[in-house]
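Taken together, the values in this text are just the output of simple stated rules run on the coordinates, not laboratory data. Source: prediction; values computed, not measured. Cβ atoms come from the backbone with ideal geometry, glycine included; neighbour counts cover every protein chain shown.
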Amino acid sequence: MAAHSDLYVRRRSTSTLATIVFLLFLAMTTGGCSQGTSPGVPLVDSGVTSAPATSAVQSPRIALVMKTLTNPFFAEMERGARQAEAELGIILIVKTAAQETSIDQQIAIIERLIVDHVAAIVVAPGDSTSLVPVLRRAQQAGIVIVNVDNRLDPTLAHELGLVGVPFISVDNVDGAYHAASYLSHTITVPTEALILEGIPTAQNAIDRTTGATKAFAENPKIAVVAVETAHWKIDEAFDVTKALLKAHPRVGAIFCANDMMALGTIQYLAEAGRKDILVAGFDALPEARAAVKDGRMVATVDQQAARQGYLGVQYAAQMLAGTKLPAETMIPIALVTAAP
Amino acid sequence: MPKTLMRFSISLTQKFIIFLLLASVIPVLIVGVSAYEVSRGIIQDESKRYATELVEQQREYLDLHLEQIESVITNISSVEAIIQALASEPAPNDNFTRLATQARIGYILDGYANLSGLVSLDIFTLGGSHYHVGDTLNVSNIRTDVRDRLMLRTRALGPAETWAGVEQNVNKASNTNQVVTVARLLSVTDRGTTQTRPAAALLVNYDIGYLYKHFSRIDPGVGASLIVVDADGRIVFHPDTQMIAAPLNSSILGMLKDARGTLITTINGQEMLVSYVRLNKWGWSVITLIPTSTLTARASTIGSVVFLALLAAFTIVGIAATITSHTVVTPLRHLTQRFQMYQHNTPGWQVPLTIHGRDEIAELSRWFNLFSESLLARGRIEEQLRHQATHDALTGLPNRTDFSEQLELAIARAQIGTIPNSAVLFLDLDRFKIVNDSLGHAAGDYVLTVTAQRLRASVRGGDKLARLGGDEFAILLRGLSKPGEIHQIAERIKQELAVPFDVLGVEMTLRASIGIAMISGTYAHAEDLLREADTAMYRAKTSGGTRHVIFDDAMHQQSIELLRLESDLRHAIERHELRAYYQPIISLADGMIIGFESLVRWQNSERGIVAPCDFIPLAEETDMIQQIDMWMLRAACVDVHNWRQTGYPDLTVAVNLSARNFQNNRLVEQIREILMETGVPPQAVHLELTESAIMADMERTVETLTQLSEMGLHIAIDDFGTNYSSLAYLKRLPADIVKIDRSFVSDVIENTDAAAITSAIIAIGHILGLTVVAEGVENCDQQAFLTKYACDAVQGHLFSPPVPVEQATALLGHRWAGSTVTVVALT
């Protein structure tokens, strides 16, 4: 009996243990609620795989600030800058004032860029003096400044402390001289000439007027009867030409400081039926090249706008990397004429 | 322990656990689950409200924003210069017009380009011109497919209708790839016809990053996400920029059919609370997705707490159960076990339980210990009583009760035939009474003790020895192997007993008569068996003792006969079968009959005349002898009264009185009654007693006899000379007559000793003043010898055998003298 009774007690103990274990299990299952997992639908339809965002090191943002929306020259400059952007792995921000005359707009753009804190600004200033203070502020804000196309006034810049700004452009005096010389070399009879210049406060406009004046002066047959500005603009040039020809009907040669103005001039000449007047331009726009080809213009100057844009961005990137750069880089120019 | 009971019974520990769990776990569960459910509901409601508010706010923001953009479009489309510029398409080669128009429109558009987040403003004319203001000047590089699609879409719009959606930037050169494009159809009215015709598509490309910046600042809550989709279901905003412009799943889109709403669906394997609101004008939707798991996650703290509380409760229950098991259940089980052991009489139940602590359980254990102690004590007393009931106090041997039980058992076994050859041995010490009488009871007890020891030593291991009472012992012999073994055992017992020993300085040798009865299945009761063994013993005893006799068939027949005889004898008086015979007692002085001795005869219908020696001893063993004696007294009185009335007034009658009569308290009264009834004077009656009858209980007998003697009855000592023949008691007795035993009388001629004793008895009797009567006188020589020594009277065959009352009456008047008598006797 004793043996049996032992057996009985042990059996009780095991069943007690089993009870505890069972209740614990019950508690576990009650506590840890199970979650139904039906796949449901994907958020998006197509196979857009949300690959991890390639948020690598933030590429430096370099702003290219140009003068006008409407001049193909600047479109060409942007093309060069875009190439540099693609090659150098920077982010290019292209900003443009509406018109060549919109200096205040350019200032506003730069101020905006300071606020946005871009790494560098490549600027083609519409005016050589007005932008110096704001660019100084930008430099003080740690922004690298590269000057392209139109030179900032060195004296004022120095005065205001805007130093270390590399300048990339062409020799505008030289370019204008060559274009005007090509225009004048065929003139053998006494001829009145006109010069349509750019914005008078812009250094490149001044330079080009200087070069053209110098070339015309070398031909004794040529007399410059008027130097008038059309502010680099095509429609203004049309109007200015119209007015000047009214005042000087015998004009036989016109130098336009850029192709846009030249295109405006030849448009008027075509409308007025004046096929006797020779026109030279600057910038070598595709439209100007076409005009040169069919004889509506005699010459234009290729100042490699794309190259300027490319170099400007490259310089900015190099400066950000700490490279010392020359203060002045002159890009070679080419005279575009009909005759080979 | 029945198995079924065990299966359904719940142990105390289990009950305790269940109770504790019910008491602790159920409330925790109820509180926990309700708290969980309530808080989850609240959180869900709050989240819903928050999500709804959020999407409403963002809807307002988007509405405002898109309206702002739309207002730009409205402004531009109302600029006369632009409409004019669009009215006439420049000739393909008209670069001036193209460039001038471009410049002109550019100046105007630029005035509107200062809207934050604006990427570009584009006008695509039906003629193929493209006017553009924006983050690039390069208009030559455009996505024509996007342009064409947008043109188509725009042309489908009604007047002053605006469309907005996420698109790829039509301008490839732009840095911004994905834009929100807001489009409207521009129409011009011909001056001449005043007919309106579509002229161009005006597109406002808005920086999607700008919207992203705004929306990414919105916190929709942990794990939740805010999504904006356009009218086509393409994603305008998603926290993951990779998702932008991807089409939202159409089935999800299908769910967002109302202006606003909330629903729950599973997206990417996750259950989501979806809240949305639609921008009515634009067809856009602002959506928040909140994983329900985050809602439950916040409530799950409660779940975790409840779970921990449950765990704690279980732990406490476990510990409590263990403690209870140790302090309550285990002691209780021990108690149960002890009770079970007690019930099954397993050794060890009486070992005291160890007691821990002072609680109720300890108290219970303590009381159990006390209880078991008292049980033990009671058990001991019971055992003692049982022993006393079944054992003889003097020798320590089992008593008659116990032996009978064992015997019954043996008989039962013999009946089934399991134990062959068993026997019961009945032993009675010879002459023990003498020891008791002469040396006293203490010596007698000592002798009995010694006897018990000797017997114990003589029996085998399996045998059962008992003292039945007095000097009677019995042995149950089991498993006798061969017929002779019983004799060996009996011999061994006798030898063992025969070893002399000392009692109060007297050397003594024990002798015993042994009766043996073999056990067979024919016996019904132990008493039958014992009686037969007793019978055999009696036979041994009557055969002279110190021997053993095995009860056999002859004895069996005898005893049966004896039983029948006893039965018949019991009916003898009522059936008037007893007869009184009379033998004359003759005075030697004159040869005249002075009286008769009455002698009983049994006239049985089957047996004929039965001699006294055949039934008197049997009657003496029972009480029947008293009835017989009284019957004889009455019969003798009647007869002697008759004789005395018919001329023999001095005639007496002698009546034998056996010893057993003296155990009767009313003996004297009864005798007196008989005398009065029959009218016989006491002096006419002689009461004859043997020496042994007197010796049986001398005090009492002497007292009774004295009373009778005083009444006037005469007392005769019968068979004098055979036993003690003590003169001392002869003197003490109120005796009047002494009767010489026939054994002396018959030898009186041949044996000088007998002659000497006879003459001495006569002499002493005369000295003591007693009348001396000689019995069994058979010839004249004996008569002559008795006459010579002056014996008073004689009786015997020489004169007359006992005869019936008629013949006795006829003898009256006879006178015996010398030769006459002889002659008469010979005839």
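Counting beta carbons within 10 Å around each of B:VAL170, B:VAL317 and listing the fewest first gives the order B:VAL317, B:VAL170.
Rounded to the nearest 10 degrees, the inclination of helix B:698-711 to the longest alpha-carbon principal axis of chain B is 50 degrees. Taking Lys and Arg as +1 and Asp and Glu as -1, the other residues whose beta-carbon sits under 13 Å from that of B:LEU335 total +1. Using every pair of separate Cα atoms, the Kirkwood estimate puts the hydrodynamic radius of the stretch A:172-302 at 13.8 angstrom.
How much net charge surrounds A:ILE277 when only the other residues with a Cβ under 12 Å from the Cβ of A:ILE277 are counted, with Lys and Arg +1 and Asp and Glu -1?
Numbers: positive: A:ARG250, A:ARG274, A:LYS275, A:ARG296; negative: A:GLU192, A:ASP276.
In short, +2.
Go through B:236-246, B:569-579 and give me the packing order, highest mean Cβ count within 10 Å leading.
Values: B:236-246: 20.0, B:569-579: 14.9.
Per-residue Cβ counts within 10 Å, averaged per peptide and sorted highest first, yield B:236-246, B:569-579.
In chain B, the ratio of gyration radius to Kirkwood radius, Rg to Rh, stands at 1.73 when only Cα atoms are counted.
Stretch B:SER438-B:GLN603 to full length: gain in nm at 0.36 nm per residue minus the Cα-Cα span? Before the final figure, lay out each step's value.
Values: separation 165, 0.36 × 165 = 59.40 nm, distance 4.31 nm.
Extra length available between B:SER438 and B:GLN603 comes to 55.1 nm.
Projected over all directions and averaged, the alpha-carbon convex hull of the stretch A:94-169 occupies 4.4 nm².
In terms of its Cα atoms, the stretch B:71-230 spans 63, 31, 28 Å along the principal axes, sorted from long to short. With respect to chain B, whose longest principal axis is taken over its alpha-carbon atoms, helix B:752-767 is tilted by about 90°.
Spatial offset of the stretch B:261-317 relative to the stretch B:758-790 amounts to 147 Å, using the alpha carbon center of each. Taking all Cα pairs closer than 8 Å and separated by 6 or more residues, the relative contact order of the stretch B:54-293 comes to 18 percent.
Can you compute the helix-only [θ] at 222 nm over the protein assembly as shown? Use -39500 (n - 2.57) per DSSP H run of at least 4 residues, normalise by all residues, nearest 500 deg cm²/dmol. The partial results should precede the final answer.
Working: 38 runs with 572 residues, N = 1167.
Calculated at 222 nm, the ellipticity per residue is -16000 deg cm²/dmol.
In the stretch B:422-506, the alpha-carbon atoms span a convex hull of 82 Å³ per residue. Helix B:12-77 axis versus longest C-alpha principal axis of chain B: approximately 10°, rounded to the nearest ten.
Counting Cα-Cα pairs of the stretch B:497-655 in 5 Å increments starting at 0 gives whole-percent bin shares of 2, 7, 12, 13, 11, 11, 11, 9, 7, 7, 6, 3, 1, 0. Stokes-Einstein diffusion of the stretch B:566-826 at 25 °C, 0.890 mPa s viscosity, Kirkwood radius from Cα pairs, rounded to a whole number: 131 µm²/s.
Since only B:THR771, B:PRO398, A:PRO332 are under comparison, the one whose Cα sits farthest along the positive direction of the charge dipole of the protein assembly as shown, derived from C-beta charges on Lys, Arg, Asp and Glu, is A:PRO332.
From the C-alpha coordinates alone, can you work out the Kirkwood hydrodynamic radius of the stretch B:33-93, in Å? Write out the running numbers ahead of the final one.
Values: mean 1/r = 0.0619 Å⁻¹.
Over the stretch B:33-93, the inverse of the mean reciprocal pair distance is 16.2 Å.
A DSSP coil position with no more than 12 other Cβ atoms inside 10 Å describes the following trypsin sites (Lys or Arg not before Pro) in the stretch B:220-290: B:LYS257. Reported to the nearest whole Å, the Cα centre-to-centre distance from the stretch A:283-306 to the stretch B:443-510 is 167.
Evaluated at 25 °C with a viscosity of 0.890 mPa s, what Stokes-Einstein diffusion coefficient in µm²/s does the stretch B:392-551 have when Rh comes from the Kirkwood expression over alpha-carbon pairs?
Details: Rh = 15.7 Å.
Value of D from the Cα-based Kirkwood radius: 156 µm²/s.
Using a cutoff of 8 angstrom between alpha carbon atoms and counting only pairs six or more residues apart, the relative contact order for chain B works out to 7 percent. Checking the a/c ratio against 1.5 first, then a/b against b/c, what shape does the Cα gyration tensor give for the stretch B:179-317? Prolate, because a/c is 1.5 or more and a/b exceeds b/c. Within straight-line reach of B:LYS464, meaning a Cα separation under 22 Å, sit the following lysines at least 8 residues removed in sequence or on another chain: B:LYS482, B:LYS494.
Give me A:ASP259, B:ASP148, B:ASP63 sorted ascending by neighbouring Cβ count inside 10 Å, so fewest comes first. Show your work: numbers first, answer last.
Working: A:ASP259 31, B:ASP148 12, B:ASP63 16.
Fewest-to-most ranking of A:ASP259, B:ASP148, B:ASP63: B:ASP148, B:ASP63, A:ASP259.
Taking every DSSP beta bridge that has both residues in the stretch B:392-551, what percent is antiparallel when rounded to the nearest 5? Close to 90 percent.
Could you tell me which trypsin sites (Lys or Arg not before Pro) in the stretch A:257-301 are loop residues by DSSP with no more than 11 other beta carbons within 10 angstrom of their beta carbon? Don't skip to the end; give the middle numbers.
Values: sites: A:ARG274, A:LYS275, A:ARG289, A:LYS293, A:ARG296; in loops: A:ARG274, A:LYS275, A:ARG296.
Hits after loop and neighbour filter: A:LYS275.
At q = 0.25 Å⁻¹, work out log10 I(q)/I(0) for the stretch B:665-743 with the Debye formula, treating every Cα as an identical point scatterer and leaving solvent out; two decimals please. Debye output, listed in q order: -1.21. The alpha-carbon atoms of the protein assembly as shown, seen along their principal axes, cover 249, 66, 50 angstrom, with the largest extent given first.
Net charge within 15 Å of B:GLU167 by Cβ-Cβ distance, Lys/Arg positive one each and Asp/Glu negative one each, not counting B:GLU167 itself? The partial results should precede the final answer.
Numbers: positive: B:ARG143, B:ARG147, B:ARG149, B:ARG153, B:LYS172, B:ARG184, B:ARG234; negative: B:ASP122, B:ASP145, B:ASP148, B:ASP207, B:ASP230, B:ASP232.
Cβ neighbours under 15 Å give a net charge of +1.
When a/c is below 1.5 the answer is rounded, else prolate if a/b is larger than b/c, else oblate, so apply that to the stretch B:301-355 with a ≥ b ≥ c taken from the square roots of the Cα gyration tensor eigenvalues. Cα axes put the stretch B:301-355 in the prolate bin.
When the listed pairs B:LYS257/B:LYS281; A:LYS293/B:LYS172; A:LYS67/A:LYS246 are checked against a 20 Å cut-off, the alpha-carbon distance exceeds it for A:LYS293/B:LYS172; A:LYS67/A:LYS246. Note on A:VAL225/B:LEU152: beta-carbon distance plugged into 1/(1 + (r/R0)^6) with R0 of 56 Å gives a FRET efficiency of 0.50.
So how far, in whole Å, is the C-alpha centre of the stretch A:199-248 from the one of the stretch B:716-750? So the separation of the two Cα centres works out to 211 Å. The length gained by stretching the chain between B:SER520 and B:ALA23 to full extension, at 0.36 nm per residue less their Cα-Cα distance, is 171.5 nm.
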